[in-house]
1. Per residue, how big is the convex hull of segment 250-337 when only Cα atoms are used? Give it in Å³.
2. Please count, across the chain, the pairs of lysine residues with Cα atoms under 30 Å apart that sit 8 or more places apart or on different chains.
3. What net charge do the residues around THR405 carry, taking every other residue with its C-beta under 11 Å from that of THR405, with Lys and Arg at +1 and Asp and Glu at -1?
4. In degrees from 0 to 90, rounded to the nearest 10, what is the angle of the helix 213-225 Cα long axis to the longest principal axis of the chain?
5. Under the classification rounded if a/c is under 1.5, otherwise prolate if a/b is larger than b/c and oblate if not, where does segment 143-192 fall, given a ≥ b ≥ c as square roots of the Cα gyration tensor eigenvalues?
6. Of all DSSP beta bridges in the chain, what percent run antiparallel (nearest 5)?
7. Add -39500 (n - 2.57) for each DSSP H run of 4 or more in the chain, then divide by its residues: what number comes out at 222 nm, to the nearest 500 deg cm²/dmol?
8. Roughly how many nanometres apart are two label points built 7 Å out from the Cα toward the Cβ at ALA77 and THR275?
Amino acid sequence: MEPPGEAPVLPLVPEPPAPVSVEEEAAAALAASGTEENNNHLETDSSSCRTSNSSATLSSCVSMEPCACPEDCMFTALSHADVTFRKMEGYLRSRQLCDVTLVAGERRIPAHRLVLSSVSDYFAAMFTSDVREAKQDEVKMEGVDPDALWALVQYAYTGRLELREDTIESLLSASCLLQLSSVVQACCSFLMKQLHPSNCLGIRSYADAQGCNDLQRAAHSYTMENFLEVVGGQEFLLLPLDEMERLLTSEDVNVPDEETVVTSLLTWVSHDTTTRERHLPSLLAHIRLPLLQPQFLADLESNPLLRDSMECQRLLMEGMKYHLLPQRQPLLQSPRTRPRKATVGAMFAVGGMDATKGATSIEQYCLRQDTWRQVAIMSGRRLQFGVAVLDGRLYVVGGRDGLKTLNTVECYNPHSKAWSVMPPMSTHRHGLGVAVLEGPMYAVGGHDGWSYLSTVERWDPQARQWSFVASMATPRSTVGVAVLNGKLYAVGGRDGSSCLRSVECFDPHTNRWSACAPMAKRRGGVGVATWHSFLYAIGGHDAPASSLASRLSDCVERYDPQTDVWTAVAPMSISRDAVGVCLLGDRLYAVGGYDGQVYLNTVEAYDPQTNEWTQVAPLCLGRAGACVVAVRL
């Protein structure tokens, strides 16, 4: 039952006997103890035990310290706390022995200071310190919902609290004020379970105001994860300016492309054009305009919300310039050219050598969550194979199965998670490099089980057949292959006698290979990737064919085709042979490899703009020679 608005006059009860102080009780007990000692110790052994401990017991009573009796002389009532609190709850219901009244609005709630202080740090500080409220019979609780306060007072006596959607926010606010940490945690857990695209923004804002960090983080993560549904709700349209800006600046918003973010911004502004249009230039500055599709970017120029703003037009022109001057893109880098994590797709690490002498699993890396997970299994073991991406599918080409060199090709669809068999190459190859250039896929070099290969095959996805193109000048196995500025580059590798420094590139329009400047270091098992107008050679080993002692490399070199010059850049944190390398977003990833002792599961990312490597989440399985590719999902 609830207490009424005014407490009734309590019936008279017999006056209890005058209280006896602790000191008086102790003195009487000591006197009795002295009498017993003068009685020639006529007590039994058990009463001697009782008597021998009496001084310690009395001493602890005087000092208010816990009793120090031996365990076998101690009685413990297991249900003491439950019985006691039920009795106190009865006193609360009957308004007996109450020594304080809490006033919230028109509500007057009687209670016992001792009970409130034992549960709430707020009341403990109030009633045990030298403040005015400590001596008042009535304490006003400003800004507290009366129903929530009464529920929490009852909780102090019973340990039970009903959590409902219509009262949860008032309970959480009151429990935060009263510093009831267990109730705060329970309310936050309840709200986490209620998160929905229609309410997550409101819960995030509310948790932020209450200082409930775990709930705020959960609501924020939910908002980021479900952004596409959130922007269709009323809460999104009613967002204040600072919250909208916070969304636009986030790297973690889960969107398929930057166009989605622009559309969301314009929808929000259109909901209250009069108030919000003047903020559009500052908000548009948080959009990655250079990463928009050219046609979409051109259409924005004539948008009624943007065409009359000089600053908006300047930002749009910046995005257009990025597309019109691709050769200058490395010089035009800014926060607006850094893609959001969800828009870069996913990275896949396929197969490789592991502790079981051949991994068949495929792992997928999510940049936004910084996690790897296994997503597929190859049909059989392949080592020293190649992988390329065509039309969003992973083509696994050649390799060896431990007994023989393969010419087979299989295709994995990450959307349907289905495998299909493709027509085989003309030549069996392991240690080959694979890349896609202007539509067709190329299989470069390798070893056929007998000799090192300089031959190159091209897969035509329209005709679904392989054909030979011009051969390289040098046979290469464990070669690094990448595409840059419309040309196919073959980097390093082994030719049977040594590891190679040489580099050559293929022009598909002339069907010719030409030599490029050699690297500073010989590299077999090298990983290669491109970023804007540069080619990077990462890791590998340098050892003559007759030597068992490979010199492993942590070195990284960058090639500029404009100047035909290689330049050393920041090395990796450790040496990696047979390292998988891939561009994901605006960073190069070095995945796994072999450090001379173990197959590595560590992964590090290189930022070309800062020339720095950072560690990211490790693979589920240590592996070397994995093929690593990025796919837009």
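Since every read-out is calculated from the coordinates, none of them should be taken as a lab result. Predicted model, so just to flag it, every value in this text is computed and none were measured. Counting neighbours? That spans all protein chains shown, and the Cβs are built from the backbone with ideal geometry, glycine included.
1. Residue-normalised Cα hull volume stands at 99 Å³.
2. So the count works out to 12.
3. Neighbourhood net charge equals +2.
4. Orientation of helix 213-225: about 30 degrees from the principal axis.
5. Cα axes put segment 143-192 in the rounded bin.
6. 95 percent
7. So the helix-based figure for the chain works out to -8500 deg cm²/dmol.
8. 6.1 nm
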